[in-house]
Protein chains: 2
Amino acid sequence: MKKPEEQFLDYLARKRLKNTSQRMTILSAFLRQKAHLSTEEFYLQLRKEHPGIGYATVHRTLKLFAECGIASERNFGDGQMRFEVSLGNEHHDHLVCTSCGQILEFENQQIEQLQIDVARTHNFIIEDHRLELYGLCSACHTTEQPPVS
Amino acid sequence: MKKPEEQFLDYLARKRLKNTSQRMTILSAFLRQKAHLSTEEFYLQLRKEHPGIGYATVHRTLKLFAECGIASERNFGDGQMRFEVSLGNEHHDHLVCTSCGQILEFENQQIEQLQIDVARTHNFIIEDHRLELYGLCSACHTTEQPPVS
DNA sequence: ACGATATTGAAAACGGATTTCAACTTATAG
DNA sequence: CTATAAGTTGAAATCCGTTTTCAATATCGT
Ligand SMILES: [Zn+2]
Ligand SMILES: [Zn+2]
Ligand SMILES: [Zn+2]
Ligand SMILES: [Zn+2]
């Protein structure tokens, strides 16, 4: 398995793109972040240490990561793009807590196989899939839940 | 099973909302449309027969349908909200063709059960879920696929 | 019919993603 | 080490679907 840094530099070379200090700074920060941050959240984190880097650059660079396979773009229906490191991470799906926003990961090989079966019976070629379970995580439903309003 | 019209009128009554001609027109058109139309697509259809109804009213009314259980809101990652009639339709998940945009429906009881198992092992209470398989439908991969570029 | 309340449609506002553009940086060639 | 071509940057502007605003209008209980 290639390292993310290598993979990114290879991608830049292949596409005749340039290796800039901003890109390396963002990559290094990205690899250290907790997963499933939105562009905005990540940008705010990054800005604490690197106030000079603009939002547009962060956005463009995260998209580069997705293109070259380092990152996966996620969308949990809150209207924000989220990213997580994908290189070196097993495929997984998500449990999204609608109360506290926590995102848990799971992997179920039986479900994956059944998806393939479903696709076959419809003569459909799967390129990608998304499976998310929305609800209350353990912490949010064991505690008393005073309505937010 | 209550009829959609009844259910909507009940909901309006319960919430002290008013029964207007626009709402009834939109409901009747919605029940006749093919599924998975975006607000915009639906509005453009509706406008052919009812040019007087504004986009905002259509939008607000579709949200009412979702609130009262007549409609499901869907989001297939193209940045548009889509709606389909849910009352009287079995739960189903979707196959989304990334080439022609066609949306097929499927239902797999084993997958549904495995989702429940996954949630249980994480002590997670499912409120909702989404499962979509993205790829090429039968028509799009049997034909020669000249690259779009 | 009256008055209180809700709805309507056009337009404006909103929010996140994306693009624009002039200044700047990088890579490559001489 | 320049020079030059080409790509990048950050701020601001733009895009685009969604949602809200608001004055005019419609509904509904009395
Ligand atoms: Zn999966
Ligand atoms: Zn994840
Ligand atoms: Zn399902
Ligand atoms: Zn459907």
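The values are calculated or read from the model by the stated rules, or taken from the named source; none is laboratory data. What you see is a predicted model; the values in this text were computed from it and never measured. Here the Cβ is made from the backbone with ideal geometry for all residues, glycine too, and neighbour counts use every protein chain on show. For the accessible areas, the whole protein counts, side chains as well, though only heavy atoms, and no ligand, DNA or RNA atoms are used. Shrake-Rupley method; radii C 1.70, N 1.55, O 1.52, S 1.80 Å.
Brief remarks follow.
- Matching residues in region A:18-42 - criterion: being of a type in the set (K, R) and more than 11 Å from DNA strand C (Cβ to nearest atom): A:R32, A:K34
- Residue count for region B:1-59, restricted to those that are of a type in the set (A, V, I, L, M, F, W, C), more than 30 Å from B:G101 (Cα to Cα) and either more than 18 Å from the chain's Cα centre (by Cα) or not assigned by TED's automatic domain parsing to the domain that holds B:R74 (or both): 5
- Considering residues of region A:92-117 that are among the β-branched types (V, I, T), open to solvent by 10 Å² or more (accessible area, probe 1.4 Å) and without any contact (Cβ under 8 Å) to a residue 60 or more places away in the chain only, the residue nearest to the other protein chains (Cβ to nearest Cβ): A:T98
- Taking the criterion of being within 23 Å of the chain's Cα centre (by Cα) and of a type in the set (K, R), the only residue of region B:103-147 that qualifies is B:R130.
- Residue check, B:L104 under 30 Å from A:R120 (Cβ atoms) and out of contact with any Asp or Glu (no Cβ under 9 Å at 6 or more places or on another chain): yes
- Some residue of region B:14-26 being within 16 Å of ligand 4 (Cβ to nearest atom) and closer than 28 Å to B:E105 by Cα: no
- Which numbered condition A:G79 misses (of (1) touching a residue at least 12 places away in the same chain (Cβ under 8 Å); (2) at positive phi): (1)
- Scanning region A:21-41 for residues that are out of contact with any His (no Cβ under 9 Å at 6 or more places or on another chain) and either within 16 Å of ligand 1 (Cβ to nearest atom) or within 16 Å of A:S86 (Cβ to Cβ) (or both) gives A:L27, A:F30, A:L31, A:R32, A:Q33, A:K34, A:A35, A:L37.
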